[in-house]
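The structure appears below as structure tokens.
The values are calculated or read from the model by the stated rules, or taken from the named source; none is laboratory data. These numbers come from a predicted model, not from an experiment. When we count neighbours, we look across all protein chains shown, and the Cβ atoms used for this are built from the backbone with ideal geometry, even at glycine. These area figures cover heavy atoms from the full protein model, side chains too; ligands, DNA and RNA do not enter into them. Shrake-Rupley method; radii C 1.70, N 1.55, O 1.52, S 1.80 Å.
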Amino acid sequence: MSETPLVDAWRNARSANRKPMQVPGHKMRYLDAADGWAHDLVGDTVRDDIPLQGGVDDNAYSNRYLQRAEELWATAVGADHSRFLVGGSSQGNIAALATVGDEGVPIAIDRTSHRSTQAGLVLIGARPIWIYPQLHPEFHLPIGMSAGSLEAMAKQVNGFFVTSPSYIGTLSDVAALARVANARKEPLIIDQAWGAHLDFIPGAGAMAQGADFSVTSVHKALLGYSQTAVVSMRDGLIPRSTLDRWVDHTTTTSPSGTLLASIDGTRAAMERDGLGRLQLLIEAVADARRRLARVRGLVVLDDNTAGCPVDPTKLTIILPKTGADGVVLGEELWQLGHGPESADHDTLIFTVSVADEPEWVVGFADLLANLIEAHRGEPRTSSPLSVWRVEPEVVLTPREAFLRGRRRVTMAEAIGEVSAEQFCPYPPGVPLLAPGERVTEESVEAIRAASLVCRVAYCSDPSLQSMLIVDQ
Ligand SMILES: Cc1ncc(COP(=O)(O)O)c(C=O)c1O
């Protein structure tokens, strides 16, 4: 059994029966007790909450448990340096971008990236040069960033940021992207939020393929507590201290030892027998895909149907030719207790992880196949979410737009103006319109259409009647 410094220290803290005279305010009185004031309201919700400082470690962090656990993670994923995060991959993206960028510095960024990249750009004032993944000719879904897209921008930019796996599970050839970046000696960041498990398949993770930075959510595809993520880097282009500065700048001063220990435990589990577990899962997903592919008209995303490599643990189906409506199926699945990761009219995405029993994954495919049959209808043409096709006219950098004066206008009046805010269908959390981008008839229509299938988040008027534009 490999070393687990944070898990061991967390267990010791849990059994120490301390009566701390310091934070947290709940005093860890609820670890086991079923009594105590307000136990009925908060006891269960904070039962296992032990802080890092003055809990898992002492106030001075003198045992350096976190540092040791981070070293073990870095070694496991082929990085030189890793930092554990309690602000999700959102924090990782912000910290990684801030590490490679600076005021006015051009960075080539995948426009299908998560909204958190915009927060990073606002923070540092870097200038995004948007690059676009290839789109599937029929389904209009992203099928990977080509090395040529990076090559075309290489002379103009000081860094690259690409998301792989994409939200739907398609993979870019990170090794090819890294060759372009490495030849220019410019850093490549891979947002691998959905692919933490790839780091435990030999040669499949972003760091193993030559990226300079990777960001992974431990809570998405692996076993970590919600909010947990890791940002990793290789030495050479940028000092570790720069990443450390930005991680520290963007995080809480009271990190949860429980969250952090769950990252450590996940790494140890994956090193112990994670690959075997992943292989069983991959076989189960392959079986599930085969069963679903028998449903007439259903397209099941795999390397053949996508035309690019697809994360072998991802289950993504494309419905139009079955006539079934993904939003309706998504609601039924939610009622059955099997809510999908994402559902729009055309596409259903399911997150499958090492915590899922392989038999369950196969059984779920049969349940899903029956549900699609029950909702079969007239085949229709695809109407994919427009987030994958946005090609904005950038007028101001995200930071300039964020800091300028703003005023509220109706959506119709906004056409032709510059957006001061973000409109982000969630999921997948990719902005349809972002600060600094020109508002067009198409963008307003895309926002309206998205609101019919999902929550359009992070805008100031949730009724979508008005928006904030830059007051030029
Ligand atoms: C591609 C991508 N990157 C980053 C994030 C942010 O991850 P987290 O929720 O861990 O902050 C998400 C969240 O959905 C995402 O889809």
**Accessible surface, per residue, of segment 388-470 when the full set of protein chains is kept, probe 1.4 Å, Å²** = 45 Å²
**Debye-sum result for segment 60-268 in log10 I(q)/I(0), which assumes one identical scatterer on each alpha carbon, at q = 0.19 Å⁻¹** = -1.40
**Prompt:** Shape call for segment 88-193 from the C-alpha gyration tensor, a ≥ b ≥ c root eigenvalues: rounded (a/c under 1.5), prolate (a/b greater than b/c) or oblate?
**Reply:** oblate
**Request:** Using a Förster distance of 56 angstrom, determine the FRET efficiency expected from the C-beta separation of residue 321 and residue 49, and round it to 0.05.
**Result:** 0.70
**Portion, in percent, of the accessible area of the chain that falls on carbon or sulfur, probe 1.4 Å** = 51 percent
**Item:** Of all DSSP beta bridges in the chain, antiparallel share, percent nearest 5
**Value:** 70 percent
**Asked** With the contact rule set at Cα under 8 Å and sequence spacing of 6 or more, what percent relative contact order holds for the chain?
**Response** 15 percent
**Complete:** 1/(1 + (r/R0)^6) with r = Cβ-Cβ of residue 27 and residue 75, R0 = 41 Å, i.e. FRET efficiency to nearest 0.05, evaluates to 0.70
**Request:** Rounded to whole Hz and in sequence order, give me ³J(HN,Hα) for segment 402-408 from the Karplus expression 6.51 cos²θ - 1.76 cosθ + 1.60, θ = phi - 60°, writing x for Gly and Pro.
**Result:** 5, 8, 5, x, 9, 9, 9
**Request:** Per DSSP H run of n ≥ 4, the term is -39500 (n - 2.57); total these for the chain, divide by its residue number, and report the mean residue ellipticity at 222 nm rounded to 500 deg cm²/dmol.
**Result:** -10000 deg cm²/dmol
**Request:** List every residue whose amide H lies under 5 Å from the amide H of residue 341, counting only residues 5 or more places away in sequence or on a different chain, with H placed 1.01 Å from N in the peptide plane.
**Result:** 349, 350, 351
**Request:** Kindly identify segment 153-250 as rounded, prolate or oblate by the Cα gyration tensor criterion: order the square roots of the eigenvalues as a ≥ b ≥ c, call it rounded if a/c is under 1.5, otherwise compare a/b with b/c, prolate if a/b is larger, else oblate.
**Result:** oblate
**Dipole of the chain, positive direction: furthest Cα of 116, 106, 385, with charges on the beta-carbon** = 106
**Request:** Would you kindly state how much longer the chain becomes between residue 471 and residue 63 on full extension, computed as 0.36 nm times their sequence separation minus their alpha carbon distance, in nm to one decimal?
**Result:** 141.6 nm
**Request:** Starting from the Cα of residue 445, step 7 Å toward the Cβ, then list every residue of segment 299-320 with an amide N under 13 Å from that point.
**Result:** none
**Message:** Need the C-alpha centroid separation for segment 1-55 versus segment 175-247, integer Å.
**Reply:** 32 Å
**Item:** Per residue value of the accessible surface for segment 1-75 (all protein chains in place, 1.4 Å probe), Å²
**Value:** 62 Å²
**Asked** Roughly how big is the chain's charge dipole about its Cα centre, with Cβ charges of +1 (Lys, Arg) and -1 (Asp, Glu), in debye to the nearest 20?
**Response** 540 debye
**Request:** Report the equivalent ellipsoid semi-axes for the chain in whole Å, largest first, defined as the square roots of five times the eigenvalues of the gyration tensor built from alpha carbon atoms.
**Result:** 34, 29, 24
**Message:** Let me spell out the model: positive unit charges on the Cβ of Lys and Arg, negative unit charges on the Cβ of Asp and Glu, origin at the Cα centre of segment 60-268. What dipole size does that give, in debye rounded to 20?
**Reply:** 100 debye
**Request:** May I ask you to evaluate 6.51 cos²θ - 1.76 cosθ + 1.60, the Karplus curve with θ = phi - 60°, for each residue of segment 104-112 and list the ³J(HN,Hα) values in order in whole Hz, giving x for glycine and proline?
**Result:** x, 6, x, 10, 7, 10, 4, 6, 8
**Prompt:** Ranked from the most accessible area to the least, with a 1.4 Å probe and all protein chains present, what is the order of 21, 28?
**Reply:** 21, 28
**Item:** Packing-based order for 180-189, 287-296, using average beta carbon neighbours within 10 Å, highest first
**Value:** 180-189, 287-296
**Prompt:** Taking a ≥ b ≥ c as the square roots of the eigenvalues of the Cα gyration tensor of segment 282-433, is the shape rounded (a/c under 1.5), prolate (a/b larger than b/c) or oblate?
**Reply:** prolate
**Ordering of 444-451, 223-230, 98-105 by packing [mean C-beta count within 10 Å, highest first]** = 223-230, 98-105, 444-451
**Message:** Could you tell me the calculated FRET efficiency between residue 35 and residue 15, based on Cβ-Cβ distance and R0 = 25 angstrom, to the nearest 0.05?
**Reply:** 0.85
**Whole-number accessible area per residue in Å² for segment 273-374, which is evaluated in the context of all protein chains at 1.4 Å** = 42 Å²
**Request:** At 1.4 Å probe size, with no ligands or nucleic acids counted, give the accessible surface of residue 32 in Å², nearest ten.
**Result:** 110 Å²
**Complete:** Residues whose built amide H sits under 5 Å from the amide H of residue 63, excluding neighbours closer than 5 in sequence, are 58
**Item:** Residue-count net charge about residue 385 - beta-carbon cut-off 10 Å; Lys, Arg +1, Asp, Glu -1
**Value:** -1
